[in-house]
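A.B. asks: Once you've had a glance at the structure underneath, I'll fire off some questions.
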Amino acid sequence: MTTSLNRYAISVAAALLSGIAVIFFFTPILDVSFLVILLVIALLAFCYYQLFFMASSLASFNKRKKHITIGFTLVFSFLAFLSLKGEQFYLSDNSWLTRAYVYIGTYATICSLVLWIILSLVNIKMNEVPRSVSKWNILKYALPSLVVWTLYLLAIFPGGMTADSIYQWEQAHTGKFNDWHPLMYTFFIMILTKIWDSPAVIGLSQIIIISLIFGYCMRQFEKAGVKPFLLWIISIIFALSPINGIYSITIWKDVLYSTFILLFTTLVFNLVITNGKWIKRNTHFFLFIMTALGVIFFRHNGFAVCLVMLVILLICFRETWKQWVFSIFFIVAAHYIVTGPVFTYLKVVSADPNEALSIPTQQLARVVAYNGNLTDEQADYLNQILPLELWKKNYNPYLTDPIKFAKQYNRSAIFPDHLSDYLRTWWDICMQNPKLVIQAALKQTSLVWQMNQPNDGYTSTFVTNVFYGNKFGLKNEIIFSPLTLAVKKYLSISDTTFKPLIWRPAIYTFFILLFTFVAFLRNNWKAWLVPLIVLLNTGTVLAALPAQDFRYLYSNSLVFFIAFLFAFVSYKKKEMRT
């Protein structure tokens with residue numbers, strides 16, 4: 001009894017110290033109600049008390065696994081700390097001792113919570129016996145999404161469309177193609193509108209495709225031994241997610257691309273739990289090829305992401321090298337046939353290569369805007385691209401559009417004959433202004449790595465209307481007013497009250513890493529292959545992010561569910577069915 005009371009007293013004391021530090025880390029402590037402070041302290045006390053009992057679990061790990069767990073916790077928590085840290089101007093009025101207390105206390109709290117999550121999940125014992133599951137279960141797990149998202153379509157009929165959506169809609173109806181947006185999604189629109197010339201048919205098709213693919217994913221986890229009750233809970237949460245609800249009826253290429261990333265992730269899960277044997281069956285191999293084609297053709301960065309992933313799979317599953325070699329050659333051939341002869345035949349206009357220069361553009365703009373170190377020759381060259389005063393005036397730390405779409409922006413000073421001059425100038429300027437260019441890159445890529453939205457930043461989330469003023473006369477219709485009001489209210493709450501928890505992609509990325517680490521502890525290093533494609537996609541977005549649009553990393557919020565379920569699967573000591 002005495003030991004238990006001591007543990008509880010220590011837990012409460014630690015929660016009191018860390019709770020105040022954490023609250024002060026996010027907001028001025030005087031602005032927080034006593035009830036909120038009390039709730040935070042109570043929750044932390046519960047976690048600390050649980051950690052006392054979980055210490056034996058960590059002690060039971062072998063020496064190597066124990067060191068890896070501690071090392072992961074320290075590094076992961078530090079990265080999460082940096083990701084959560086905002087400008088915190090209110091802390092500048094406090095002493096260095098207070099700031100040290102806030103930062104050290106917050107970091108220690110994150111470490112404790114991360115370790116608590118890891119040990120809690122590892123200690124959960126799930127059914128490790130793979131089972132035979134009816135294919136009809138795909139429809140069963142898809143049903144909640146089919147029902148809920150159909151209500152979204154009725155509420156926001158005929159769907160959501162931005163300027164990008166209208167641009168692809170125009171291509172699909174005129175046959176004048178531009179590769180700025182992937183041709184495959186334009187074909188998708190073109191084919192479906194032959195059946196029903198309304199954006200609603202795109203939304204309806206996306207609802208069906210996403211729901212069935214998700215249903216397939218859940219069936220695979222049920223076959224791997226995850227309890228149906230948990231899968232039902234995940235299916236309902238997936239359906240009720242405001243992100244999935246509104247995106248399923250929004251006409252964006254990113255929606256289907258992210259869905260194929262979700263499916264690809266699950267297929268890699270199949271490979272990992274069967275040690276590569278899953279791919280041997282012809283139907284499985286065909287499904288994998290079709291999924292890979294979806295990844296490479298529904299967004300431009302998909303080709304590089306898929307190709308790197310296939311090479312890694314070849315290395316990791318060498319026993320089935322024939323399938324991987326064929327996949328690599330097939331994917332490369334398909335990509336170059338479509339982007340070569342097919343594009344030529346259809347007279348597809350090439351995409352603007354300037355899209356790949358988002359980060360360099362922002363770095364150059366910040367150097368000019370903040371009067372960085374420039375030689376006369378460098379200033380003259382930048383002035384040829386865009387007058388220097390406009391570099392300053394148009395610079396937005398989180399968006400390249402004001403610069404690259406300025407009327408005075410001279411692409412001919414870069415493409416096609418002066419790209420080497422541009423890159424050389426950019427590199428020299430970076431070397432001369434390291435602090436400014438690092439700041440520019442961190443701000444522009446904030447969406448990717450920062451869970452806490454910057455005070456001067458933004459996150460573009462969703463639309464609930466068809467782009468106004470489009471020349472096709474497309475507009476929204478109200479079918480049932482109470483339903484429309486209810487759905488828009490639900491979405492509005494998600495975009496205000498719960499925005500920090502729902503609409504920042506970095507949150508999902510961090511949890512994907514955390515859950516995958518748990519799967520790694522349960523099994524072996526091949527667990528890291530499961531989320532690898534979404535992490536590779538995140539890396540490509542990081543390298544060329546043009547704006548703070550959630551849709552660019554929509555796939556992370558989808559794979560989050562897979563990573564969570566994967567944390568419960570044990571495959572190392574058993575032969576899974578293929």
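The values are calculated or read from the model by the stated rules, or taken from the named source; none is laboratory data. The model shown is predicted, which means the values in this text are computed figures rather than measured ones. In this analysis, Cβ positions are derived from the backbone assuming ideal geometry, glycine residues included, and neighbour counts consider all displayed protein chains. Side chains included, ligands, DNA and RNA excluded: accessible areas come from the protein's heavy atoms. Shrake-Rupley method; radii C 1.70, N 1.55, O 1.52, S 1.80 Å.
A.B. asks: Can you name the number of the only condition in (1) without any contact (Cβ under 8 Å) to a residue 60 or more places away in the chain; (2) closer than 28 Å to PHE568 by Cβ; (3) surrounded by fewer than 18 Cβ atoms within 10 Å (Cβ to Cβ); (4) not aliphatic (A, V, I, L, M) that TRP232 fails?
C.D. replies: With (1) without any contact (Cβ under 8 Å) to a residue 60 or more places away in the chain; (2) closer than 28 Å to PHE568 by Cβ; (3) surrounded by fewer than 18 Cβ atoms within 10 Å (Cβ to Cβ); (4) not aliphatic (A, V, I, L, M) applied to TRP232, the lone miss is (1).
Table: residues versus (1) open to solvent by 50 Å² or more (accessible area, probe 1.4 Å); (2) polar (S, T, N, Q); (3) within 30 Å of ALA200 (Cβ to Cβ).
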| site | (1), (2), (3) |
| --- | --- |
| LEU38 | yes, no, no |
| PHE76 | no, no, no |
| TYR107 | yes, no, no |
| VAL114 | no, no, no |
| LYS135 | yes, no, yes |
| ILE138 | no, no, yes |
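A.B. asks: Here is a further query. Does the range 523-545 contain at least one residue that is outside any helix (DSSP H, G or I), open to solvent by less than 10 Å² (accessible area, probe 1.4 Å) and closer than 25 Å to THR361 by Cβ?
C.D. replies: yes
A.B. asks: Also, I was wondering about something else. What number of residues within the range 131-173 satisfy the criterion of being among the polar types (S, T, N, Q), modelled with pLDDT of 95 or more and more than 26 Å from the chain's Cα centre (by Cα)?
C.D. replies: Qualifying residue count, the range 131-173: 2.
A.B. asks: On to the next question. Please determine, by comparing only the residues of the range 380-426 that are aromatic (Phe, Trp, Tyr) and farther than 11 Å from LEU364 by Cβ, which one is surrounded by the fewest Cβ atoms within 10 Å (Cβ to Cβ).
C.D. replies: It comes out as PHE405.
A.B. asks: To continue, here is another question. Could you pull out the residue among ILE243, ILE279, ILE261, ILE237 that is open to solvent by 10 Å² or more (accessible area, probe 1.4 Å) and in a helix (DSSP H, G or I)?
C.D. replies: None of the other options fit; the residue is ILE237.
A.B. asks: Residue check: is VAL255 modelled with pLDDT under 95 and at negative phi?
C.D. replies: No: the conditions fail for VAL255.
A.B. asks: Hey, another quick one. Considering ILE502, ILE479, which residue is in contact (Cβ under 8 Å) with a residue 40 or more places away in the chain, more than 19 Å from THR445 (Cα to Cα) and surrounded by fewer than 20 Cβ atoms within 10 Å (Cβ to Cβ)?
C.D. replies: ILE479
A.B. asks: Within the range 439-476, restricting attention to residues that are touching a strand residue (DSSP E or B) at 6+ places or on another chain (Cβ under 6 Å) and not in a loop (DSSP other than H, G, I, E, B), which residue is least open to solvent (accessible area, probe 1.4 Å)?
C.D. replies: It comes out as VAL466.
A.B. asks: Of all residues in the range 524-552, how many are touching a residue at least 60 places away in the same chain (Cβ under 8 Å), of a type outside the set (Ser, Thr, Tyr) and more than 22 Å from SER77 (Cβ to Cβ)?
C.D. replies: Selection size over the range 524-552: 17.
A.B. asks: For the range 380-415, what are the residues that are outside any helix (DSSP H, G or I), of a type outside the set (S, T, N, Q) and without any contact (Cβ under 8 Å) to a residue 12 or more places away in the chain?
C.D. replies: Of everything in the range 380-415, those that are outside any helix (DSSP H, G or I), of a type outside the set (S, T, N, Q) and without any contact (Cβ under 8 Å) to a residue 12 or more places away in the chain turn out to be PHE405, LYS407.
A.B. asks: Within the range 340-362, take every residue that is among the hydroxyl-bearing types (Ser, Thr, Tyr) and free of Cβ contacts under 8 Å to residues at least 24 places away in the same chain and give me the one that is most open to solvent (accessible area, probe 1.4 Å).
C.D. replies: TYR345
A.B. asks: ALA15 is checked against (1) under 24 Å from SER83 (Cβ atoms); (2) in contact (Cβ under 8 Å) with a residue 40 or more places away in the chain; (3) open to solvent by less than 90 Å² (accessible area, probe 1.4 Å) and fails just one. What number does that condition carry?
C.D. replies: Tallying (1) under 24 Å from SER83 (Cβ atoms); (2) in contact (Cβ under 8 Å) with a residue 40 or more places away in the chain; (3) open to solvent by less than 90 Å² (accessible area, probe 1.4 Å), ALA15 fails exactly one: (2).
A.B. asks: I'm told VAL325 meets every condition in (1) open to solvent by 30 Å² or more (accessible area, probe 1.4 Å); (2) modelled with pLDDT under 95 except one. Can you identify the failing condition by its number?
C.D. replies: (2)
A.B. asks: Across the range 174-184, what is the total count of residues that are within 23 Å of the chain's Cα centre (by Cα) and of a type in the set (Phe, Trp, Tyr)?
C.D. replies: Result for the range 174-184: 1.
A.B. asks: Between a first residue in the range 208-229 that is buried (at least 24 other Cβ atoms within 10 Å of the Cβ) and at pLDDT 95 or above and a second residue that is of a type in the set (Ser, Thr, Tyr) and part of a loop (DSSP other than H, G, I, E, B), which pairs have beta carbons less than 6 Å apart while being 6 or more apart in sequence or on different chains?
C.D. replies: Matching pairs, first to second residue: ILE210/SER248.
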